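Bear in mind these aren't lab numbers, they're just calculated from the coordinates by the rules spelled out. Everything numeric here is computed off the predicted structure, so don't read it as measured data. Don't worry about glycine lacking a Cβ; one is built from the backbone with ideal geometry, like all the others, and counts go over all protein chains shown.
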Amino acid sequence: MTEIQLLNSISRIVVFLLLFFSFFLLTVRGNKKKSNQLFSVFLLLVAIDISAFFLNDWLSKHLFIETFRITSSLLQMPVFYFYVLSVCYTNFKLRINDLIHTLLFIFFYSFLIASDYSKKAFLVFQIISEIQYFLYIILIFIALKKYKKIYLENYTNPEHLNYKWLVQMTSILLFAHLFVLSKFFIQFTNNINLILLLNVIVIISALLVSSYFVLKALHQPQLFSGIEQNNTPISKYIKKETKIITSEITSENNEKIKLLEQFMTEKEPFLDPDLTIQKLALQIDFSQKELSTLINHHIGKHFFDFINEYRVLKAMSILKNQSQKDITVLEILYQVGFNSKSSFNTAFKKHSPMTPIEYRKQFLSNK
């Protein structure tokens, strides 16, 4: 079997699997239907792109279809960008204005047809498509940064935090695309063997990355618990209300902070593992905006850290209590509102150089 035949065989397998994953995501039941649909379209676009490896002869006879295949690569990153937004935000919706993201595709489809695929026109297309790819990568990271900020200011359950996984996902996609970028430069050297090798790496990378994304999405559905899209970072409230909210904590704010701290100590709302700033605001009879400003701006902590500090302090009091020495660390972390051992240990390290077990041993051994 020649290298070209091997490439054709592998690409057929990859396209078949991508189409299978795409169809599966469209039909699978779940509460993230929109995200699945968007990711399904993304996989379909990748499959269309890769199909050229074994449909090259047929596509060369159908110029309009081949032009669509080539220029459809300009739709991949916009679709992936919307996929990320749909994962982050529960109320995400595609709007008519979002069609602006298809303009580059429409333009180059017409441009390549009109220019009759001149080398100069195709080179312009390749350069612009690479620029577009990296611009969308930047947009995705900006969106994820905003998502993380809003999450930390309003939620406490790190197991529902999509940020790390989506960053990982985008980084893997970026790394895999570097092989495509390498192909772009190597094509000018006319090194056929190296180009064939890179083509094999590209399609195998496409398969591995897509498979990883699909399996991750299906086996860890908790990653897909988004937040409300209309939430805004508290810093924007502060900027809008600089005439009302000053950097100095007024006596009124001092009273509110004391009331909040008293409520946290006496009522212990932090024991609720799914506590959000909205829930706490209702319990203490503050507006959500007022409470968010108080914690994130005046106290100077993210809501995420503010709540977890109370949980850790509660856990510490249990760990050094002689009468509760038979309660395991795992039982304690769930008792004080954490959802996993990893999130508990991470929060605990911020308040003690020791592990929870070491902390318990030190205090109990001194009694």
Given charges at Cβ of Lys, Arg, Asp, Glu: the stretch 3-224 dipole, positive-most of SER11, PHE42, THR27 = THR27
remark   = When SER110, SER129 are ranked with the fewest other C-beta atoms within 10 Å first, the list becomes SER110, SER129
task = Kindly flag which residue pairs out of LYS148/LYS279; LYS148/LYS301; LYS301/LYS325; LYS258/LYS349; LYS149/LYS256; LYS267/LYS341 have an alpha-carbon separation exceeding 22 Å in this structure.
result = LYS301/LYS325; LYS258/LYS349; LYS149/LYS256; LYS267/LYS341
task = Describe numerically, in nm with one decimal, the distance between label points set 7 Å from Cα along Cα→Cβ at GLU130 and at LEU63.
result = 2.7
Sorted by Cβ density within 10 Å, fewest first, the residues ASP49, ASP57, ASP272 = ASP57, ASP272, ASP49
ask   = In what order do LEU19, LEU85, LEU123 fall by count of nearby beta-carbon atoms within 10 Å, going from fewest to most?
value = LEU123, LEU19, LEU85
message = Going by Cα centres, the stretch 98-177 and the stretch 298-367 are how many Å apart?
response = 41
request  = Output the direction-averaged projected area (hull surface divided by four) of the convex hull of the alpha-carbon atoms of the stretch 312-367, in nm².
outcome  = 3.4
request  = Give the shape of the stretch 3-224 as rounded, prolate or oblate, defined through the alpha-carbon gyration tensor: a ≥ b ≥ c are the square roots of its eigenvalues, a/c under 1.5 means rounded, and otherwise the shape is prolate if a/b is larger than b/c and oblate if not.
outcome  = prolate
